[in-house]
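In what follows, a single structure is set out as structure tokens and then discussed.
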Amino acid sequence: RDLHSFPTRRSSDLGEGGCAFCAGDGGRARHLSSGQDVQAQVKAGVEYVRRRYNAEPPYAAYFQSFTNTNAGADTLRRLYGEALSLSDFKAVIIATRPDCIPDDTLDLLSELSESYELWVELGVQTAHDRTLQLGNRGHDFACVETAALRLAERGLKTAAHMILGLPGETPDDFIQTAKRIAALPFSGVKVHNL
């Protein structure tokens, strides 16, 4: 997809604002540098967890920055496969948006779940459409509901990524979001305070 298609991104290349939820580098991990190929990223990640946590294999591969399903299934299969072939990975976490999971990508995620403990981290942020619109998110909460149900139909573990303290939201809004998330088939919740 080109830069003008979803998901929206903040980019000086576009000359326009994008989704306010991600930094320009997509929240890239501190041990990675801009422009690294897949092999360099995996090598840096393994070295980082060895040094910082004294961790040894097996590892979890975390595809976090940006939208990690925003390409065709063949491209994703190649990229995921390359990364997963570079070390001993037993778990895979793929962060994405609810509006970037077409059927062929669901098929691929289902295939991966046969070989790895697979989690999809779905960027929900809030259940309030007014806040999603304010943040230029490019989708509504109905899209989240649909994505969560489609992932659950495939038996895929899914975590909702939430942000508390978004502009204009009150503690009551947080509670309403929690109730709407609890009504969906999520297996986990990741919460950030703003």
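The table below gives the values:
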quantity	calculated
Which listed residue, of R78, R1, R52, is more than 20 Å from K157 (Cα to Cα), loosely packed, with under 12 Cβ neighbours inside 10 Å and modelled with pLDDT of 65 or more	R52
Tally of residues being of a type outside the set (S, T, N, Q) and either touching a His at 6+ places or on another chain (Cβ under 6 Å) or more than 17 Å from T69 (Cα to Cα) (or both) across the stretch 125-145	11
Residue in the stretch 8-17 that is at pLDDT below 90 and either within 17 Å of Y116 (Cβ to Cβ) or open to solvent by less than 30 Å² (accessible area, probe 1.4 Å) (or both) present	yes
Meets criteria (open to solvent by 60 Å² or more (accessible area, probe 1.4 Å), basic (K, R) and in contact (Cβ under 8 Å) with a residue 40 or more places away in the chain) for R154	yes
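Yes/no matrix, rows are residues, columns are (1) open to solvent by 30 Å² or more (accessible area, probe 1.4 Å); (2) touching a Cys at 6+ places or on another chain (Cβ under 6 Å); (3) in contact (Cβ under 8 Å) with a residue 60 or more places away in the chain:
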| position | (1), (2), (3) |
| --- | --- |
| Q64 | yes, no, no |
| N70 | yes, yes, yes |
| A73 | no, no, no |
| D88 | yes, no, no |
| I94 | no, no, no |
| R97 | no, no, yes |
| D103 | yes, no, no |
| S110 | no, no, no |
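The values are calculated or read from the model by the stated rules, or taken from the named source; none is laboratory data. Keep in mind the model is a prediction, meaning the values are calculated, not measured. Reconstructed Cβ throughout: ideal geometry from the backbone, glycine too, with neighbour counts over all protein chains shown. Note: areas computed on protein heavy atoms with side chains; ligands, DNA, RNA excluded. Shrake-Rupley method; radii C 1.70, N 1.55, O 1.52, S 1.80 Å.
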